[in-house]
Amino acid sequence: MARFEIYVTYRKGIFDPPGATAERALQNLGYAEVEQVKIGKYIQLEVADGTPEARVREMCDRLLANPVIEDYRIETAGEA
Amino acid sequence: MTLETLSPELAPTLAVELGLKLDEYEKIVDILGRVPSLTELYMYSLMWSEHCSYKHSRKALRMFPTQGDHVLQGPGENAGVIDVGDGWAVAFKMESHNHPSAIEPYQGAATGVGGIIRDIFTMGARPVASLDSLRFGTLDTPRQRYLFEGAVAGIGGYGNCLGVPTVGGEVYFEEAYEGNCLINAMALGLMRKENLTRAVAAGPGNLVLLIGSTTGRDGIGGASTLASQEFDEKAEDKRPSVQVGDPFEEKLLIEACLELLDAKLLVALGDLGAAGLTSSASEMASRGGVGLDIDVTKVPQREDAMMPFEIMVSESQERMLAVVTPENLAASQAVCKKWGLLSTVIGTVTDTGRFVVREGETVVADMPAATLAHDAPVYDPAMERPAYLAEVQAFDPMTLEHPHTREALSATLLELLASPNICSRHWIWEQYDHQVMLNTVVLPGGDAAVLRIGDTGRGEMSERGIAVSADCNGRYCYLDPYTGAQIAFVEAARNVACTGGRPAAITDCLNFGNPEKPEVFWTFHQSVKGLADACTAFGVPVVSGNVSFYNESFGQAIYPTPTVGLVGVLDYVDDHCTMEFKAEGDAIVLLGRTRNELGGSEYLKVHHGMVAGRPPKVDLVDERLLTELVVTAIRTGIVRSAHDCAEGGLAVALAECCIAGGIGATVDAEGTLPAVAELFSESQGRIVVTVAPEHLGALKQLAATHGTPCTRIGTVGGDRLRIGTAADVSLTEMRDAYLPTLERLVHSDETLQSEELTDR
Amino acid sequence: MRFGVVTFPGSNCEQDVVHAVNHLGFDAGHIWHGDTDLSGYDAIVLPGGFSYGDYIRCGAVARFSPVMSEIVRYAEAGRPVIGICNGFQILTEAHMLPGALLRNRGLKFICKTVHLRAEESACRWLDVPAGTVLRVPINHNEGNYICDDETLARMRENGQIVLRYCEPDGTLAEGGGAPNGALDDIAGICNERGNVFGLMPHPERATDPMSGGTDGAHFFTAIARRVAEVAS
């Protein structure tokens, strides 16, 4: 089995309410150095060995991320 | 292969670790005629826990009246069921999820809703409404705000997804709940009478079908062990045992189970709640006087290497247990498959009366099924009147300095309207879907929620309605548990009556501290007696309920909190009434009489920071006549609005009617009592109604036949509330005090300091 | 006139839509998401709820249901398709409508009655005059409409903005008055052709004076009238 790790985040310019809330809360807690918080999704995908990344990309485009609002990054994590 | 029992040396120690007492362990050995196996010991320890066995409360609960011509199912099943006329029946129950919620408020509250909803559709009823009775500490610490916000979000997150409207409830913020919040969830379901289903296994050779989620280690000993011991600093370590809810799976379960019942495919249906498969299966078997033979290797598992006892006691959510005949198996599984649900045969019904658990070929438990469900010891705990009572009851509120100028009294009224225990709850219920199913006639914010009876799915609508309210003022119960419990009942009855509902039956959720402490048990016993007497006086039975003990933190018990969930019936839902003042020139009438009763009042708490005195007196005969009077007046169309007087007294009740109606009022104070008592006394047995001037005579006549005092106290109109010379406030001032409080308190997080966060 | 109301696993307003439509005197039937036969229906409604638990994203899984490819074809034929709440989310996920619906700006679920202003639009399924104010309940956690500037400009030009959140008098609140933070106060949009209409508010909840008012009736009666016009 091979494992891919997928990080889904809002595209630049899309307002991220949970991120903005965490940002404000951290600043209120005295972490003045906090400039920005973005909150996204982490997906762990286990697939048959030899599955090409292009195939995983297709899964992201079709279901796991919404290209209208989200970007994603795929990392190969090797053997599951 | 023979059953592997524990070593006689080890078993008693393990039993004690699992929460059993030594003599309870001895009783198990007696029943079995041998030392139990590991699986058996776990199963007994959970079934004989307080949460599952009611061993401390069972005797006291016998005081409740449970009979009535309209009672189709009393206590002892998953929910109570009453006949509401025209072939319709309503199933309802309230249950606590206090301890899980104190650890993880979102999931605790969410799974509380999930559990009570399962109890309803298990009976064959479609869940049509839920309500929640909540208690927290005051909102001035981040921890309490976290619990409050989390619980509200969890209730919404679960209920909204199910498409079951959350139509009402109540919340109080008191220091006494700081270490132990209360989350009491109530649900109601509607069915045609003939569809009533019971969780009674029958028919040796029939199959036991497990439907829904896979089984994991989550919640092992969760509800049952958490709810059967006090809270201490170690509670945080128990976090892993809190279950995570999946409302989507539950929505599918509702649809699939109702479809299965509709098609008459099932012999019995039960849900898996506290103590999981053990409790569900043993209760089903013992009710039917049959045995069960279950193979744990057949149970779909989500984790590796689970032990048989773990599978038997897991509290994984969203699972149901059904009994089907072999002929109906395929059709039943097809329905489950259609809804995307797993369904697996895990065992068979036998005629032995024994609950046999095997792991493949190996028997790991074998005991008389009925002994798990019904042979738990019943205790008669010691009782002692708490020492604090004499002191708090001796206090006379009139010894205090009270505001007496118009300015000071007006300011006090606004202060009360802004009190977290009185202010508008819209911040909460706007997070709940309260309209789905299109039957919510009186929305949250009124005295009681009113629902139209009917099944839109089959186009079967009726002219009838039900009104429902959940109530309990724990402060009154702390000051006098007998009277306090009665006030919980009469307030619920008045609330329901104010919408036009005739009180029909109640469920209850009795939240108390450690019953092994004589002073705590005395308050429990007094509360049950008070509630039982109130029910008897009204001819209103208790059809279901739940006891939650061990609500303590660091040895300090919560206020005794016997929450009452009362259901009333409207013969014609069209006739329902609401609280808001309707029209300029209407006469404002007070039904009932104000006495100088400031003990335990919100005024005393807010203005003087005190919780003391005696709570208001209750006259059950007068209360019953008052509710009958109001229901008749609403039914005959005499009154235009009706609102109960509760916390904050007459002044707050009038202000609420003004705010809701967007119109003012001019009222004469009667003048025989000190102004502060006229305004803020919390005397029971009072309802404010408005009538068109031409109907005043008819109302007076009707009141006279009920022996209820009926006094015209003022007129609707203008944009101010003027109460004699005592108070004068504008609508805007009242709204500004009443509406934004909760949101403001919750958002005080903006000033959160880092050291405060550590107390999370 | 027969409305077809789709049930996805997790839908929870399908029954309400059928009931409301019946209450208004029209016929309606349920369509299971696994079915693909839309014959006999004059309009398709994707109802509210939490299809597939709203897991991954609201509507992200439902758009792959077998019925959806038929609904795409149905819409391409110019026939009425209406998505309410979760149905609107499904239509955006299926790219039958532009943009997306994000979590409400206040991070809270919102259930309350709001004021909506009917805009001058290409939508063929709402026939109240532009500027009419309607009171209709909303009930959602993800109603915060968003799209890029280019799409917004195109929608304005094409008259694709159908409903906007407004004050009781029909004016728009300064700095945006949408309770969920929606871009440009957008509550409902349609496709260029005007036959696919998505809205966050629940018109089916406002079809009976006893429970929620009657302003929602416009949405269903308009469809019925237009369908009848086409047929005659």
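The values are calculated or read from the model by the stated rules, or taken from the named source; none is laboratory data. Just so it is clear, the structure is predicted and the values come from calculations on it, not from any experiment. Glycine gets a Cβ as well: all are built from the backbone with ideal geometry, and neighbour counts include every protein chain shown. Areas reflect the complete protein model, heavy atoms only, side chains present, ligands, DNA and RNA absent. Shrake-Rupley method; radii C 1.70, N 1.55, O 1.52, S 1.80 Å.
In table form, for the structure just shown:
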| read-out | value |
| --- | --- |
| The range A:22-33 - residue that is open to solvent by less than 50 Å² (accessible area, probe 1.4 Å) and under 18 Å from C:Leu107 (Cα atoms) and, of those, modelled with the lowest pLDDT | A:Ala25 |
| Among residues of the range C:6-38, those that are closer than 25 Å to B:Val335 by Cα and part of a loop (DSSP other than H, G, I, E, B), counted | 11 |
| Residue identified as touching a Leu at 6+ places or on another chain (Cβ under 9 Å) and within 10 Å of chain B (Cβ to nearest Cβ) among C:His30, C:His19 | C:His19 |
| Counted residues, the range C:111-131 - those being open to solvent by 20 Å² or more (accessible area, probe 1.4 Å) and farther than 25 Å from C:Arg79 by Cα | 4 |
| Residue check, B:Tyr432 of a type in the set (Phe, Trp, Tyr) and either out of contact with any Pro (no Cβ under 7 Å at 6 or more places or on another chain) or open to solvent by 10 Å² or more (accessible area, probe 1.4 Å) (or both) | yes |
| Residue check for C:Gly34: open to solvent by 10 Å² or more (accessible area, probe 1.4 Å) and out of contact with any strand residue (DSSP E or B) (no Cβ under 9 Å at 6 or more places or on another chain) | yes |
| Candidate set from the range C:199-232 (those that are of a type in the set (Gly, Ala, Ser) and within 14 Å of another protein chain (Cβ to nearest Cβ)); member that is surrounded by the fewest Cβ atoms within 10 Å (Cβ to Cβ) | C:Gly213 |
| Test: residue in the range C:47-56 that is crowded, with 20+ Cβ neighbours inside 10 Å, more than 12 Å from chain B (Cβ to nearest Cβ) and farther than 25 Å from C:Ser232 by Cβ | no |
| Residue under evaluation B:Val71, criteria (1) surrounded by 24 or more Cβ atoms within 10 Å (Cβ to Cβ); (2) over 23 Å from B:Tyr177 (Cα atoms), criterion not met | (1) |
| Matching entry among B:Gly484, B:Gly513, B:Gly459, B:Gly530 (being modelled with pLDDT under 95 and not acidic (Asp, Glu)) | B:Gly459 |
| Test result for B:Glu50, in contact with a His (Cβ under 8 Å, 6 or more places away or on another chain) and in contact (Cβ under 8 Å) with a residue 60 or more places away in the chain | yes |
| Subset of the range B:596-621 (residues that are among the acidic types (Asp, Glu) and more than 26 Å from the chain's Cα centre (by Cα)) | B:Glu597 |
| Filter pass, B:Asn546 being farther than 30 Å from B:Gly592 by Cα, over 19 Å from the mean Cα position of the chain (by Cα), not small (Gly, Ala, Ser) and not in a helix (DSSP H, G or I) | no |
| Count of the range B:165-198 residues which are surrounded by 24 or more Cβ atoms within 10 Å (Cβ to Cβ), touching an Asp or Glu at 6+ places or on another chain (Cβ under 8 Å) and part of a loop (DSSP other than H, G, I, E, B) | 2 |
| Test: B:Tyr42 is on the phi > 0 side of the Ramachandran plot and either surrounded by fewer than 23 Cβ atoms within 10 Å (Cβ to Cβ) or modelled with pLDDT under 95 (or both) | no |
| Criterion (touching a residue at least 60 places away in the same chain (Cβ under 8 Å) and away from chain C (no Cβ under 14 Å)) met by exactly one of B:Leu451, B:Leu443, B:Leu413 | B:Leu413 |
| Among (1) part of a strand (DSSP E or B); (2) within 14 Å of another protein chain (Cβ to nearest Cβ); (3) touching a Ser or Thr at 6+ places or on another chain (Cβ under 9 Å) - the single one A:Glu5 does not satisfy | (2) |
| Selected residue (only one of A:Gln44, A:Gln36 is free of Cβ contacts under 8 Å to residues at least 40 places away in the same chain and either assigned to a loop (DSSP other than H, G, I, E, B) or of a type outside the set (Asp, Glu) (or both)) | A:Gln36 |
| Test: B:Glu682 is open to solvent by 10 Å² or more (accessible area, probe 1.4 Å), at negative phi and acidic (Asp, Glu) | no |
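The rows are residues; the columns are (1) within 14 Å of chain C (Cβ to nearest Cβ); (2) more than 30 Å from B:Ala394 (Cβ to Cβ).
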| site | (1), (2) |
| --- | --- |
| B:Glu552 | no, no |
| B:Ala557 | no, no |
| B:Thr561 | no, no |
| B:Val567 | no, yes |
| B:His576 | yes, yes |
| B:Leu591 | no, yes |
| B:Gly600 | no, no |
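Residue by residue, here is whether (1) closer than 30 Å to C:Tyr52 by Cβ; (2) open to solvent by less than 30 Å² (accessible area, probe 1.4 Å); (3) in contact with a Cys (Cβ under 6 Å, 6 or more places away or on another chain) holds:
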position	(1), (2), (3)
B:Glu327	no, no, no
B:Val335	yes, yes, no
B:Asp351	no, no, no
B:Arg354	no, no, no
B:Leu372	no, yes, no
B:Glu391	no, no, no
B:Asp396	no, no, no
B:Arg406	no, no, no
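A quick yes/no check of all residues on (1) more than 14 Å from every other protein chain (Cβ to nearest Cβ); (2) part of a helix (DSSP H, G or I); (3) among the aromatic types (Phe, Trp, Tyr):
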| residue | (1), (2), (3) |
| --- | --- |
| C:Arg63 | no, yes, no |
| C:Tyr74 | yes, yes, yes |
| C:Ile90 | no, yes, no |
| C:Leu97 | no, no, no |
| C:Asn104 | no, no, no |
| C:Lys108 | no, no, no |
| C:Thr113 | no, no, no |
| C:Cys123 | yes, no, no |
| C:Val128 | yes, no, no |
